[in-house]
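*Asks:* What follows is a structure written as structure tokens; I'll ask about it next.
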Amino acid sequence: MVVLLVFSMVLAACGSEPEENAGDNDGEGGADRPEFLSIVTGGTGGTYYPLGGAFAEIISDETGIQVNAEVSGASAENMNTLRDGNAEIAFSQTDIASYAKEGTLMFEGDQIDNVSAIGTLYPETIQIVTTAKSGITSVEDLKGKKVSVGAPGSGTNPNAEQILEVHGMTFDDIEKQDLSFDESTAGIQDGTIDAAFVTAGTPTGAVEGLSATEEIVIVPIEQDKIDALIEKYPYYIQDEVPAGTYKLADAVSTVAVQAMLVVSNDLSEDVVYDITKAIFENTDKVTHAKGELIKAENAVNGVGIDIHPGAQKYYKEKGIEAAE
């Protein structure tokens, strides 16, 4: 009888243990909180990649979720990667994210509806890069030249196409090359291409590297063409490449779209709230020059797609609303 009593007590103790352990998980969010997340960025010569590395470290430190930054073909490829479930967070241009949600241009017939915004980050300047020895000083001078329009799947391609369009040109007027920023600047340096469109925050690493050995020229866009471009494509804003950038003597007029962070809708409100808070409350840990422009109060302006409920919760707590 004593043995039976002891045996029954052991069974009772074993039976209660899983229930207690299950209760311990409730306070941690359970299966809703992932252990690992991926941020897809861009090429190593652009701005997305170093910023992605900084964000990955910040989110990991602040949330306890292990985050990894990955090289990619940038905006359009990143939107497809999130759609396919192969990453959870991505950098994108605001215009490309809009195309994806609408199913237009490079996303024709392939609408992406499982992605929302965290927020905008900084202007992405369209830089038409060449060198003094090329003799190219205007957009019209690109006719007949070998010109890179960005890596396949990147957002630079439609920017180049639209800028050429307002100058009465198409890709048929140039010898189009589909190269990453690093490949573009290497091609300019060794003479295999004449110029390149680069859509990225300034200063852009690949262009800075080129400026160490070449006299950089950023081809200006004239004011009437800027006005025409913004009228037709309102996601553009007027911008400039400041004097001193790439050793430029004077500021150069151009246009920009905005860089933004997007996120998979599969992530919970609490997780995206934590990610949003981690980024915007630790921008002092971003060493890239663009870190100074990343502010929560600007993040809801010009987004162009729906903001994830988790990010909305953070902005509401901070009293941040989109500008009229």
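*Asks:* If you roll a 1.4 Å probe over the heavy atoms of the protein chains, what accessible area per residue do you get for the chain, in Å²? Before the final figure, lay out each step's value.
*Replies:* On the way: 14940 Å² over 324 residues.
It amounts to 46 Å² per residue over the chain.
*Asks:* Which whole number of Å³ per residue matches the convex hull of the alpha-carbon atoms in segment 129-278?
*Replies:* On the way: hull volume 20.6 nm³, N = 150.
Per-residue hull volume (Cα only) is 137 Å³.
*Asks:* Moving on to the next point. Percent of accessible area on the chain owned by carbon and sulfur, 1.4 Å probe? All intermediate terms of the calculation are to be shown ahead of the outcome.
*Replies:* Numbers: 7180 of 14940 Å².
Heavy-atom surface of the chain belonging to carbon and sulfur, 1.4 Å probe: 48 percent.
*Asks:* What does segment 118-197 give for Rg and for Dmax, in Å, if only its C-alpha atoms count?
*Replies:* According to the Cα coordinates of segment 118-197, Rg and Dmax are 12.6, 43 Å.
*Asks:* For segment 197-324, what Kirkwood radius comes out of the mean inverse Cα-Cα distance, in Å? Display every interim value, and only then the final one.
*Replies:* On the way: mean 1/r = 0.0586 Å⁻¹.
With all distinct Cα pairs of segment 197-324 included, I get 17.1 Å.
*Asks:* Report the relative contact order of the chain, percent, no decimals, based on alpha-carbon pairs under 8 angstrom and at least 6 residues apart.
*Replies:* Working: 632 pairs, mean separation 73.6, N = 324.
Over the chain, the number comes to 23 percent.
*Asks:* Also: Out of the DSSP beta bridges found with both residues in the chain, what percent are antiparallel (nearest 5)? Each step should come with its number before you reach the end.
*Replies:* Numbers: 27 of 40 bridges.
Antiparallel: roughly 70 percent of the beta bridges in the chain.
*Asks:* Got a sec to turn the phi values of segment 241-250 into Karplus ³J(HN,Hα) couplings, 6.51 cos²θ - 1.76 cosθ + 1.60 with θ = phi - 60°, whole Hz, x for Gly and Pro?
*Replies:* Per-residue couplings from phi come out as 8, x, 4, x, 5, 6, 6, 5, 6, 10 Hz.
*Asks:* Kindly provide the GluC sites (Glu not before Pro) of segment 277-314 that DSSP labels as loop, not H, G, I, E or B, and whose Cβ sees at most 16 other Cβ atoms within 10 Å. Write out the running numbers ahead of the final one.
*Replies:* Numbers: sites: Glu281, Glu292, Glu297; in loops: Glu281.
Those satisfying the criteria are Glu281.
*Asks:* Over 20 Å intervals from 0, what percent of Cα-Cα pairs in the chain sits in each interval?
*Replies:* Once binned at 20 Å, the Cα pair distances of the chain give 31, 49, 13, 5, 2, 0.
*Asks:* Using 0.36 nm per residue of separation minus the Cα-Cα distance, give me the extension gain between Arg33 and Phe171 in nm, one decimal. Write down the numbers at each step before the final one.
*Replies:* Values: separation 138, 0.36 × 138 = 49.68 nm, distance 4.61 nm.
Between Arg33 and Phe171, full extension yields an extra 45.1 nm.
*Asks:* Another one. Would you mind computing, in nm to one decimal, how far apart the modelled labels at Glu161 and Asp61 are, each placed 7 Å from Cα along Cα→Cβ?
*Replies:* 4.1
*Asks:* So for segment 43-118, Kirkwood radius off the Cα pairs, Stokes-Einstein at 4 °C and 1.567 mPa s: how many µm² s⁻¹? Before the final figure, lay out each step's value.
*Replies:* Values: Rh = 13.1 Å.
It diffuses with D of about 99 µm²/s by this estimate.
*Asks:* Starting from the Cα gyration tensor of segment 90-151, multiply each eigenvalue by 5, take the square root, and state the resulting semi-axes largest first in whole Å.
*Replies:* Working: eigenvalues 207, 48, 13 Å².
Semi-axes, largest first: 32, 16, 8 Å.
The values are calculated or read from the model by the stated rules, or taken from the named source; none is laboratory data. Quantities reported herein were computed from a predicted structural model and do not represent experimental measurements. Cβ sites come from the backbone with ideal geometry, for glycine too, and all protein chains shown count toward neighbours. Remember, those area values only see protein heavy atoms, side chains included, never the ligands or the DNA or RNA. Shrake-Rupley method; radii C 1.70, N 1.55, O 1.52, S 1.80 Å.
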